[in-house]
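What follows is one structure encoded as structure tokens, with my remarks underneath.
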Amino acid sequence: MWTADEIARLCYEHYGSRLPKQGKPEPNREWTLLAAVVKIQPTADQACDRPDRPVQVTKEVVSMGTGTKCIGQSKMRKSGDILNDSHAEVIARRSFQRYLLHQLHLAATLKEESIFVPGTQRGLWKLRPDLLFVFFSSHTPCGDASIIPMLEFEDQPCCPVSRDWANNPSVEASGNLEAPEDKRKCEDSDSPVTKKMRLEPRTPDGMAHHQSFGNQESGPNSPDVSSSNLTAEELATVTGMAPGGAKVVDVYRTGAKCVPGEAGDSGKPGAAYHRVGLLRVKPGRGDRTCSMSCSDKLARWNVLGCQGALLMHFLEEPIYLSAVVIGKCPYSQEAMQRALIGRCQNVSALPEGFGVQEVKLQQSDLLFEQSRCAVEAKKAENQGRLVPCGAAIGWSAVPEQPLDVTANGFPQGTTKKGIGRLQARSRISKVELFRSFQKLLSSISEDKWPDSLRPGAHSESRHLDPGSETHRIINNLNEQSLLAAGCFPFIHSGLPSSYVLDKP
């Protein structure tokens with residue numbers, strides 16, 4: 001039907017042809033991450049009398065994101081007009097939400113063909129049964145999925161950690177995927193992309209050799225590393241020898257920090273450095289962030305769907321990803337399985353229609369040309385050190401203004417004086433997605449609203465407590481309510497109030 005390489009190639013071609021030069025890395029000096037959502041649909045001319053014939057599908061990129069940055073908690077704004085997290089995976093997902101809003105508008109107004117069809121309940125819609133969505137990322141998501149076994153023939157990811165450093169949790173790794181010079185040789189940077197990929201074994205052409213751990217489908221003898229109580233030291237003991245017979249001597253690092261107040265990493269040298277299965281926060285340069293790691297967010301989407309709380313008012317069932325494809329980079333099938341699926345198996349008491357999905361996990365052999373590894377392999381010795389690109393690009397398959405280029409959470413070029421104005425809002429910021437939701441609602445006659453939004457029908461609401469603050473905000477449906485509340489309704493999953501898996 002489709003392969004991981006086909007998905008990666010489609011995304012790389014889309015990046016090269018549909019995204020502008022503005023917001024892309026400066027050649028030979030900057031690198032970035034890439035993520036996208038791809039719609040998979042069977043072709044219309046499928047022969048019904050040939051069941052043995054392979055299913056032919058069309059593949060279309062419906063959202064894309066690039067980016068490596070994340071703002072600190074001191075820069076967060078109650079007005080919802082700033083992007084807190086601009087990692088590519090988050091930009092791609094928020095751009096996907098924008099695409100879904102547009103498709104719901106098409107369905108509700110009967111203007112054009114949409115990906116949605118009417119549900120069984122009034123005002124509700126569901127995804128067409130022949131469609132599915134694949135999530136692509138050019139690199140393993142930061143956080144738990146990036147804690148990957150390292151074999152004895154590979155170079156160590158960093159030098160031995162001093163006891164003082166390990167015992168001082170206030171010392172931050174890099175802020176936005178870029179480590180200070182005095183730490184660069186002893187710490188990994190904060191996202192999976194900055195894990196010193198130059199330390200991988202080199203092939204004669206100078207490219208980093210790709211080492212994958214485990215097959216696409218875990219075999220019957222694969223070690224069970226899904227438990228959140230399993231330490232990295234125990235992981236090394238359990239795995240012992242990699243499938244190829246090499247000894248596991250270390251793990252690739254993630255710069256994502258454990259949630260304050262919860263269990264933390266040991267900081268010991270070697271394979272015992274990290275504990276696996278824990279929730280983590282993206283680090284900041286001195287100013288801590290409140291954004292959860294991309295591994296945690298992908299795990300959340302795999303349980304609650306990608307649509308978000310607002311769109312769920314119009315949907316009969318959540319919109320899940322059918323597969324996650326990772327580009328060429330350090331990768332472990334077992335780590336991905338643990339981070340996105342295994343550690344969520346005990347989640348319970350979910351609303352009807354929600355559940356932990358067995359999302360398909362695959363890796364492509366195609367390298368993103370503007371990844372850190374690829375750019376580093378091409379640059380000359382005298383061209384200086386590489387830095388992550390400061391801009392983020394969001395793209396949605398919508399007819400009006402599909403592009404959204406930002407820096408530091410605001411549209412690129414925004415001045416301090418301009419912050420707070422309408423033109424200083426990203427199109428995928430919380431407040432702008434809320435405004436799009438308002439427009440969708442205003443285009444539908446009130447008698448066709450879903451019960452969860454109709455006055456007097458609160459007791460029939462499927463998802464919200466009628467007396468809750470969340471329900472009051474949604475029912476008022478105006479920006480003043482949003483500003484007064486200070487935030488959107490989010491599911492906190494038992495985390496401290498400032499640490500929310502869905503914070504953008």
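The values are calculated or read from the model by the stated rules, or taken from the named source; none is laboratory data. What you see is a predicted model, and the numbers here were worked out from it, not measured in a lab. For neighbour counting, all protein chains shown are included, and Cβ atoms are generated from backbone atoms with ideal geometry for every residue, glycine included. Remember, those area values only see protein heavy atoms, side chains included, never the ligands or the DNA or RNA. Shrake-Rupley method; radii C 1.70, N 1.55, O 1.52, S 1.80 Å.
Just for region 36-71: of the residues that are in a loop (DSSP other than H, G, I, E, B) and buried (at least 19 other Cβ atoms within 10 Å of the Cβ), which one is modelled with the lowest pLDDT?
Looking only at region 36-71, we keep the residues that are in a loop (DSSP other than H, G, I, E, B), and these are 43-56, 67, 71.
Now drop any that are not buried (at least 19 other Cβ atoms within 10 Å of the Cβ), which leaves 67, 71.
Working: 67: 97, 71: 93.
Within region 36-71, the match that is modelled with the lowest pLDDT is 71.
Checked against (1) open to solvent by 10 Å² or more (accessible area, probe 1.4 Å); (2) farther than 17 Å from residue 324 by Cα, residue 15 passes all but a single condition, namely (1).
Yes/no matrix, rows are residues, columns are (1) modelled with pLDDT under 95; (2) surrounded by fewer than 21 Cβ atoms within 10 Å (Cβ to Cβ); (3) assigned to a loop (DSSP other than H, G, I, E, B):
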site	(1), (2), (3)
268	yes, yes, yes
284	yes, no, yes
288	yes, yes, yes
297	no, no, no
321	no, no, yes
325	no, no, no
338	no, no, no
352	yes, yes, yes
366	no, yes, yes
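Checking region 253-263 against the condition returns a match, with at least one residue being of a type in the set (Val, Ile, Thr) and either part of a loop (DSSP other than H, G, I, E, B) or surrounded by fewer than 20 Cβ atoms within 10 Å (Cβ to Cβ) (or both). Within region 72-111, the set of residues being among the acidic types (Asp, Glu) and part of a loop (DSSP other than H, G, I, E, B) comprises 81 only.
The residue that is modelled with the lowest pLDDT, counting only those in region 415-447 that are touching a strand residue (DSSP E or B) at 6+ places or on another chain (Cβ under 8 Å) and not in a helix (DSSP H, G or I), is 419. Test residue 356 against the criterion of being open to solvent by 20 Å² or more (accessible area, probe 1.4 Å) and of a type in the set (Val, Ile, Thr), and give yes or no. Judged against the criteria, residue 356 is a match. Within region 340-350, the set of residues being open to solvent by less than 40 Å² (accessible area, probe 1.4 Å) and in contact with a Ser or Thr (Cβ under 9 Å, 6 or more places away or on another chain) comprises 340, 341, 342.
Considering only region 380-401, I want to know if a residue exists there that is among the charged types (D, E, K, R), more than 29 Å from residue 142 (Cα to Cα) and modelled with pLDDT of 90 or more. Among the residues of region 380-401, at least one is among the charged types (D, E, K, R), more than 29 Å from residue 142 (Cα to Cα) and modelled with pLDDT of 90 or more, which makes the answer yes.
Residue 81 meets all of the listed conditions (1) among the acidic types (Asp, Glu); (2) crowded, with 24+ Cβ neighbours inside 10 Å; (3) under 22 Å from residue 405 (Cα atoms); (4) touching a helix residue (DSSP H, G or I) at 6+ places or on another chain (Cβ under 6 Å) but one, namely (2).
Is it the case that residue 392 is under 18 Å from residue 68 (Cβ atoms), assigned to a helix (DSSP H, G or I) and not charged (D, E, K, R)? Show your work before the answer.
Values: under 18 Å from residue 68 (Cβ atoms): yes; assigned to a helix (DSSP H, G or I): no; not charged (D, E, K, R): yes.
For residue 392, the condition - under 18 Å from residue 68 (Cβ atoms), assigned to a helix (DSSP H, G or I) and not charged (D, E, K, R) - is not met.
I'd like to check something: does region 393-409 contain any residue that is surrounded by 20 or more Cβ atoms within 10 Å (Cβ to Cβ) and of a type in the set (D, E, K, R)? There is at least one residue in region 393-409 that is surrounded by 20 or more Cβ atoms within 10 Å (Cβ to Cβ) and of a type in the set (D, E, K, R).
From the list 276, 249, 259, which residue is within 22 Å of residue 333 (Cβ to Cβ) and touching a Leu at 6+ places or on another chain (Cβ under 6 Å)? Spell out the reasoning first.
On the way: 249 fails: touching a Leu at 6+ places or on another chain (Cβ under 6 Å); 259 fails: within 22 Å of residue 333 (Cβ to Cβ).
Matching residue, one of 276, 249, 259: 276.
Which one is surrounded by the fewest Cβ atoms within 10 Å (Cβ to Cβ) among residues in region 90-141 that are β-branched (Val, Ile, Thr) and in contact (Cβ under 8 Å) with a residue 24 or more places away in the chain? Walk me through how you get there before you give the answer.
Our first condition is that a residue be β-branched (Val, Ile, Thr); within region 90-141, this holds for 90-91, 109, 115, 117, 120, 134, 140.
Remaining after also requiring in contact (Cβ under 8 Å) with a residue 24 or more places away in the chain: 90-91, 109, 115, 120, 134, 140.
Details: 90: 28, 91: 30, 109: 12, 115: 22, 120: 7, 134: 24, 140: 28.
Taking the candidates together, the pick is 120.
Here residue 470 meets the list (1) surrounded by 13 or more Cβ atoms within 10 Å (Cβ to Cβ); (2) modelled with pLDDT under 85; (3) farther than 15 Å from residue 309 by Cβ almost entirely, failing just condition (3).
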